[in-house]
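Structure first, then comments.
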Amino acid sequence: MNKNFIRIIPKLDIKNGQLIKGINLEGLRVLGDPYDFAEYYYKNSADEICYVDNVATLYGTNNLSSFISKTAKNIFVPLTVGGGIRTIDDIERVLKNGADKVCINSAVVDDSNFLRKAVQIFGSSTITVLIEYVKIKNKYLISKSAGRDLVNIHPLDWAKNVEDLGAGEIFLTSVNNEGLKMGFDIKTIQNISRALSIPVIAHGGAGNIKHIYEIIKNSNVSGVALSSVLHYNIAHLFNFKKKNIGNFSYLEQLKNKRKKVSNFLLKIKKFLKKKGFNVRY
């Protein structure tokens, strides 16, 4: 059993200033203002917050400066920011805006020396590497650009490589499982987390507390990142009409379906505590 503190990290994917969520990194739905969600999670026991600009790599820039600054001023848990981070200047800008860590994927796949240089300048504790991986038939590949481009490298080999290059943490996403809420890819996450000495955060597939418990119990992950299972549980809480959110009819459906709100984050932590895991709340 992992004796370290287990972190529960809401992951917020952002496009054009709005929180979005899809399945397998596609079919994106607009859910609302990312800050509203981040603030709610902070007030309800989130250990960290992760913002990812979902289209930044495609357009070559990260546009989350205002969200980062506002979050850093009002939300006092570690903030990780990813998406479109390709240069040392990009990292410096994101950190100056108030982020505690950056999460990098495509730039490291394209040039592993970039990771080495970033670690030398900012320190390993500041640098998280996102590894998105895909299973096609019986073959595992890593992906970049939010799953748009596949690279013929096994995720375990790539994880060992980025650890050797100095990454402080790995954010591990199963693209096949992401958004389905059918459970994590336990075997792959287990193999990777047990092969490394740096923290691994599991992401992709959580649909209930049992899924979260199973991945923590059966691997060596340091935490789990959650999206759908959290966002859809609270999306109806906020006043979307006043904020001109485009997907209003869908959000109204969520509101009508859910009459009572329970603190799912706190439920997760209390459940894990009863099972003997170290959690903070």
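We did not get these values from a lab; they are worked out from the coordinates using the rules stated. All values derive from a computational prediction rather than experimental measurement. Heads up, the Cβs are rebuilt from the backbone with ideal geometry, glycines too, and the neighbour counts pull from every protein chain shown.
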| Under 30 Å between alpha carbons - lysine pairs in region 53-186 that sit 8 or more apart or on different chains | 27
| Inter-label distance for Lys43 and Lys273, nm, one decimal - labels placed 7 Å from Cα along Cα-to-Cβ | 2.1
| field | Mean-position separation - Cα centroids, region 107-125 and region 132-193, in angstrom | value | 19
| Extension gain from Thr87 to Asn208, taking 0.36 nm per residue of separation minus the Cα-Cα distance | 39.8 nm
| field | 13 Å beta-carbon shell around Asn177, net charge (K/R +1, D/E -1) | value | -1
| query | Restricting the count to DSSP beta bridges whose residues both fall in region 123-196, what percent are antiparallel, rounded to a multiple of 5? | reply | 55
